[in-house]
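Below: one structure, written as structure tokens.
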Amino acid sequence: MHLSEVLQSSFQNIFSHILRSLLTLLGIIIGVFAVVTMFSSIYGLKNMIQDKMEGMGWNNSIIIYPSSGEQGQSGRRHQRFFYIQREAKPLTFSDYEMLRSDIEYKYIYGMIEDYQRLYREERENRVLLRATDIDYFTSKTYPLAEGRYFNVFENKNSAKVCIVGYGFVERYFKKEKILDKFIKIGNNRYQIIGILKDDTLNDSGMNFNRWERRRDLRAVYIPLSTGSRYLRTDNAVDYIYLQAEGDESFSEMKTNTYQNLLAQHKMAHDFEFNDVGALMFQITEEINEQMKNWNITLSAIASISLIVGGIGLFSTLLISINERMKEIGVRKSIGATEFDIFLHFILEAVILALIGAAIGILISFSLVKLVATLLKTSFPVPIEGIMLGIGFSLLIGIISGLYPAIKASRINPIKAIYYFD
């Protein structure tokens, strides 16, 4: 008997009892669906967390701030990036420009931060005024709703222009058209050239540092050169942030930054690094380890459904032997060997299991895409989950069909032909 004939016969038998075949495969469908969905969910969550961390500017990054020269206080200072010891020699706008021109990086920005007075409707309000560069908005994923970012001329010439956050507009200028208008903050008047959108990083409903990002979007931003000239003495900046292109270039960027700053400061160790990248790498490793443990746990749970499906497939094949006893006798009487009968039954079991796997994968793929659409994020279906589901199904099919195939192959053809007489 040719393999093509065996396959054709197997498919005919499966589709001639379509309802029974589907009920038999229900356990395998559920098991494969659980395995693929579980892998996709965990893989998607891991990717989403990494993307969000990158969107908040946390990965492969360092923050440079002035050193106070004191020991034992670094842990307290590391809690707030912009915390400044006023007795320390400040970082300057010149340091920032030197690093911007001499270091290879993905993003770089300096930061100055102050609370200033804003007079609005005869009331005095305190607003957060920040001086920074365009890379701040890009690295933090703060796109524009209206207007534009600072241009090169404004950055170089300390122009009195500003970009306001969505929260700032909602609090002080709701339902007003303020683009290109002037506002007075502190002792200076600034022209509004851009308005930031509401938080796009958390629009999926996931809470990623929402409080700090809400605070960012209530601030007013001016060019770094403007801030170093009008908000600080000696062109000082509070801190400088750098982010590397990737894990491979992070160490080199950090080393080059340290060496260039030492040369700029005439070998004075009056600055310190907050290695945010190392902390984020540790957090990422912990997340990956937890995800791996969840993979193992959920795979074990999902495999129970596959085992149940295998038991159902085993029972159905045993019952079908009695129903097809005459068919087995006729096949043997016209020349089919024991191996042909064995191959017929084992292939039927494998085909049934693979059909169940295909249905389970299709349902899982549809559900994952639906969830990804609702959450407005990307949940890819990893090939590992698909291969694991197919592999489990194939194994279940072979194990479940092995005994019924052996039993059917050893049936006496004479007894089989007269089995119902």
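The values are calculated or read from the model by the stated rules, or taken from the named source; none is laboratory data. What you are looking at is a predicted structure, and each value in this text was computed from that prediction instead of being measured. Cβ placement follows ideal geometry from the backbone for every residue including glycine, while neighbour counts extend to all protein chains displayed.
Here are a few things to note about the model shown:
- Options GLU70, GLU54; residue that is at pLDDT below 75 and either within 30 Å of ILE359 (Cβ to Cβ) or outside any loop (DSSP other than H, G, I, E, B) (or both): GLU54
- Helices (runs of 4 or more DSSP H) wholly inside the range 195-291 containing at least 3 residues that are closer than 25 Å to LYS156 by Cα and modelled with pLDDT of 75 or more: 224-230, 247-264
- Any hit, the range 339-346, residues being part of a helix (DSSP H, G or I), exposed (fewer than 14 other Cβ atoms within 10 Å of the Cβ), in contact (Cβ under 8 Å) with a residue 60 or more places away in the chain and not hydroxyl-bearing (Ser, Thr, Tyr): yes
- Count of the range 221-241 residues, restricted to those that are among the aliphatic types (A, V, I, L, M) and touching a helix residue (DSSP H, G or I) at 6+ places or on another chain (Cβ under 6 Å), is 2.
- Residue within the range 146-167 that is farther than 24 Å from GLN243 by Cα and in contact with a Gly (Cβ under 6 Å, 6 or more places away or on another chain) present: yes
- Restricting SER158, SER249 to those that are in the same structural domain as ARG130 (by TED's automatic domain parsing), surrounded by 14 or more Cβ atoms within 10 Å (Cβ to Cβ) and at positive phi reduces the list to SER158.
- All of (1) closer than 23 Å to ARG232 by Cβ; (2) surrounded by 17 or more Cβ atoms within 10 Å (Cβ to Cβ) hold for ASN151 with one exception: (2).
- Some residue of the range 400-409 being closer than 25 Å to VAL36 by Cα and part of a helix (DSSP H, G or I): yes
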